[in-house]
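Heads up: the structure comes next, in structure tokens.
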Amino acid sequence: MTKIILTHEVSGLGVPGDIVDVKPGYARNYLVPRKLATPWTKGAEKQIATLRRATKAREMANVEDALAVADQLRNTAVPVRVRAGAGGRLFGTVTTADIAAAVKQATGFDLDKRKIDLSERIKTIGDYTVQARLHESVTTPLNLKVEAA
């Protein structure tokens, strides 16, 4: 097992600043090249601890903002316009990047595509609900209206 420090949130593994043990190949071939993690050292651990304290102080103030945005998103049906063929089948699928761009256009809120949980693939026109993590403790449903462009 290899010890690494996460620099971004990785689903099923942890949040930025977490020190986790993973298999060497997973760290070497996936996490480190994509800049999702860095190798663990004592100096890096001290630096991450300082960053974690600063982040924690910022997050305390942002919980109220996240709750306000969650209320706004919960009450809005976000239109997602994509290319579709006959019968309502899409050319490809709706991605988290498509959803983030549609949320930005509809509400003006800049949502990180990595914070959207797309549990099922969206391949047809219709109404869908996905989950968005706005804060560590704030998750809200996002109502999508997938339409043909």
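The values are calculated or read from the model by the stated rules, or taken from the named source; none is laboratory data. This is a predicted model, so every value here is computed, not measured. All Cβ positions, even for glycine, are placed from backbone atoms using ideal geometry, and neighbour counts span all protein chains on display.
Rundown of residues vs (1) surrounded by 12 or more Cβ atoms within 10 Å (Cβ to Cβ); (2) in a helix (DSSP H, G or I); (3) at positive phi, yes/no style:
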residue	(1), (2), (3)
D65	yes, yes, no
V69	yes, yes, no
Q72	yes, yes, no
P79	yes, no, no
G87	no, yes, yes
V94	yes, no, no
A102	yes, yes, no
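Of the conditions (1) under 29 Å from E147 (Cβ atoms); (2) assigned to a helix (DSSP H, G or I); (3) at pLDDT 90 or above, G25 clears all except one; give me its number. Unmet condition: (1).
Cβ-Cβ distances below 7 Å connect the following pairs, each with a first residue in the range 7-20 that is in the same structural domain as L51 (by TED's automatic domain parsing) and more than 17 Å from K113 (Cα to Cα), a second residue that is at pLDDT below 85 and surrounded by 15 or more Cβ atoms within 10 Å (Cβ to Cβ), and a separation of six or more residues or different chains: G17/I48. D112 - would you say it is in contact with a Lys or Arg (Cβ under 8 Å, 6 or more places away or on another chain), surrounded by fewer than 16 Cβ atoms within 10 Å (Cβ to Cβ) and not assigned by TED's automatic domain parsing to the domain that holds G14? Judged against the criteria, D112 is not a match.
When you check E45 against the structure, is it in contact with a strand residue (DSSP E or B) (Cβ under 9 Å, 6 or more places away or on another chain), farther than 23 Å from E147 by Cα and either part of a strand (DSSP E or B) or acidic (D, E) (or both), yes or no? Taking the combined requirement at face value, the residue satisfies it. Within the range 116-149, restricting attention to residues that are aliphatic (A, V, I, L, M) and not in a strand (DSSP E or B), the residue that is surrounded by the most Cβ atoms within 10 Å (Cβ to Cβ) is I122.
Of the residues making up the range 104-115, those that are within 15 Å of A66 (Cβ to Cβ) and either acidic (D, E) or assigned to a helix (DSSP H, G or I) (or both) are T107, D110, D112, K115. Among residues of the range 127-145 that are closer than 17 Å to R114 by Cβ and not assigned by TED's automatic domain parsing to the domain that holds R81, none has a Cβ under 6 angstrom from a residue that is surrounded by 14 or more Cβ atoms within 10 Å (Cβ to Cβ) and modelled with pLDDT of 95 or more at a sequence gap of 6+ or on a separate chain. Within the span defined as the range 122-134, one or more residues are polar (S, T, N, Q) and closer than 22 Å to D18 by Cβ.
Go through P33, P39 for me and flag whichever is on the phi < 0 side of the Ramachandran plot, out of contact with any Phe, Trp or Tyr (no Cβ under 6 Å at 6 or more places or on another chain) and either assigned by TED's automatic domain parsing to the domain that holds I116 or surrounded by 13 or more Cβ atoms within 10 Å (Cβ to Cβ) (or both). None of the other options fit; the residue is P39.
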